[in-house]
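Just so it is clear, none of the values below were taken in a lab; they were calculated from the coordinates. Note that the structure is a prediction, hence the values are computed from the model and not measured. Glycine gets a Cβ as well: all are built from the backbone with ideal geometry, and neighbour counts include every protein chain shown.
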Amino acid sequence: MGDLLSSSSVSRRARSSPGFLTAALLAVAAPACSLLFATDLDGARGAADPDAEAAEAAADALTDGERDDVAPRDGGDGGDADAGSRGCASYDPAPDFCEDFDDGPLARGWTKLQEQSGTLAFDPLAYSPPRSGRANLNDAPSCSYTRFERSISGVGSKRVEVRAQLRPTGPWSRTFTLFTVHIRSCAVLFYVHPNGAGAIDSSSINIQSGDPLTNDERDVKGGPRLNEWTDLWFEAVPNATSGSSLTISFHHEDGSVEETTVNAPQCRVGGDLFVAPGFHCEDGTGEVRYDDVRAYWE
């Protein structure tokens, strides 16, 4: 990865992700960055955010003019929402899981909320108004988790797809893991790298699997853009022989799409799915908004 292999990204290769949904793994004690899910770490909560009502009132107070900075986009293939209708109810076909942060308390729809040296909150700057979910990492020490987590069982073995609107806030000073997806036998971590001048330079994924843990980092085309909404699409489809093909694409407000497909023999589809928008095993300071997080399977 050339210049991207800074000290932060090299150390990132040695970091492990929280593990898969098995009773055996969940029964084993382990450090914060082990293969265990991070749901037992300090800072986890499952209750409503205490500031939800204030954030919702602020969102409702926005004028149409103040919402014009969220540009309309064509839904494209796969049944995504058009410019005139957004949010979970607008998708056709309906996702098997969807959370748009517009109804109920912050914890609605999530298995756990992780807030280690960071905060999760509603935010009035939304792709599908009135609200998005915001993750802030606040001068965090090494390997802190600040993210929304959803564990799902009974997922089909023919295809798994996860999509989410995300909006990183600039300046972008370091490599962060902004999204994590676990499918049956692997975890996929989405890295976003800086260019050294406060902007985003590139993206990559790290496919983690096995015991002992192995890291398989791959470059992908493009990435999210600062201070605008990008629709991240991840799809895993079984190969004819073994493993899966993973397709990662970034759908931008201007209609452009950047897409990469990689072969992942270590990844199998079906059974358990874990979706986690937010910061994974990070340190430092950063901010990202999320909206319309959805998953499909068959």
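Which one of THR285, THR247, THR241, THR261 is part of a loop (DSSP other than H, G, I, E, B) and either under 18 Å from CYS186 (Cα atoms) or in contact (Cβ under 8 Å) with a residue 40 or more places away in the chain (or both)? Lay out the reasoning, then the answer.
Working: THR285 fails: part of a loop (DSSP other than H, G, I, E, B); THR247 fails: part of a loop (DSSP other than H, G, I, E, B); THR261 fails: part of a loop (DSSP other than H, G, I, E, B).
Among THR285, THR247, THR241, THR261, only THR241 is part of a loop (DSSP other than H, G, I, E, B) and either under 18 Å from CYS186 (Cα atoms) or in contact (Cβ under 8 Å) with a residue 40 or more places away in the chain (or both).
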Q: Filter region 185-210 down to the residues that are touching a helix residue (DSSP H, G or I) at 6+ places or on another chain (Cβ under 9 Å) and touching a residue at least 24 places away in the same chain (Cβ under 8 Å), then identify the one that is surrounded by the fewest Cβ atoms within 10 Å (Cβ to Cβ).
A: ASP201
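Checking the structure you have, find out if any residue of region 127-139 is in contact with a helix residue (DSSP H, G or I) (Cβ under 7 Å, 6 or more places away or on another chain), under 30 Å from ALA197 (Cβ atoms) and of a type in the set (D, E, K, R).
Step one: of region 127-139, the residues in contact with a helix residue (DSSP H, G or I) (Cβ under 7 Å, 6 or more places away or on another chain) are 129-131.
Then drop every residue that is not under 30 Å from ALA197 (Cβ atoms), which leaves none.
No, there is no match, as no residue in region 127-139 is in contact with a helix residue (DSSP H, G or I) (Cβ under 7 Å, 6 or more places away or on another chain), under 30 Å from ALA197 (Cβ atoms) and of a type in the set (D, E, K, R).
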Q: From the list SER132, SER144, SER153, pick out the single residue that is surrounded by fewer than 18 Cβ atoms within 10 Å (Cβ to Cβ) and either in contact with a Gly (Cβ under 7 Å, 6 or more places away or on another chain) or in contact (Cβ under 8 Å) with a residue 40 or more places away in the chain (or both).
A: SER153
